[in-house]
Amino acid sequence: MIRPRNSDHGALDCGGTSYPGCVSYGTQGCIPPPCSTTASGCNTPPPPGAPYGGGGGGGGGKGAAAAAPKNVAPSKTQQVLNAIFNKPWALSWIIPVVGAPVVAGLGPAGDLEWDPNSHTACAGIGIGASAGHNAAVGPLTNGKTFTGQTYQSGAKDILAGWSLSGGYNTPALIGVQGMINGSGAAWGPSVGVPGVSIASTYSACVTF
């Protein structure tokens, strides 16, 4: 007979069965020897894969091996989201003051970047030219370093210092953007004002 749950450690006391000294955590039943320890009153959980007996009244039933946890592969949607949100993001802008103000021409430019892998934030200022494309944002999903590092480990160096950047957005507001400096190049999709732009900026970065 299986004794009631032991109030000291929340386990089943199996001393009244044919498996004396074996204590099973939870409600799986009594564990036939060898237990994780066979000392009377043990409260150490059994090793992974130990069989659980389900019997009582002096004879335990044949136990089944504990099932190992299964690794569940992420869905396609989750894979796409991971590919987007685990990459650096860039926001760029240009304010044309020479030419057709606010629409097209030459003027101050700036950018903001965030790299979630290195927890690095960057902000840049410079000069740029645009034809309608004066604001855009998107992930830099692809990249290549010139230093032999992987893109993931070297992305923060691409975001920092002097860089040349540019982008193009269609009338549907979607497009591409990219940047390049002495450390490497990065590019990816963008959403923003239709048109085309190019800018040269210097970015300072802080790692949190």
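General remarks:
- Here I125 and V196 are evaluated by their C-beta separation; at R0 = 25 Å the FRET efficiency comes out at 0.75.
- Extension gain, Q79 to L106: 0.36 nm times the residue separation minus the Cα-Cα distance gives 5.7 nm.
- Difference of contour (0.36 nm per residue) and Cα-Cα distance, Q152 to W114: 12.4 nm
- Heavy-atom accessible surface of segment 95-179, averaged per residue, reaches 47 Å², computed with a 1.4 Å probe.
The values are calculated or read from the model by the stated rules, or taken from the named source; none is laboratory data. These numbers come from a predicted model, not from an experiment. Because the Cβ atoms are built from the backbone with ideal geometry, glycine has one as well, and the counts that use them run over all protein chains shown. Side chains are part of the model used for accessible areas, which takes the heavy atoms of the whole protein and leaves out ligands, DNA and RNA. Shrake-Rupley method; radii C 1.70, N 1.55, O 1.52, S 1.80 Å.
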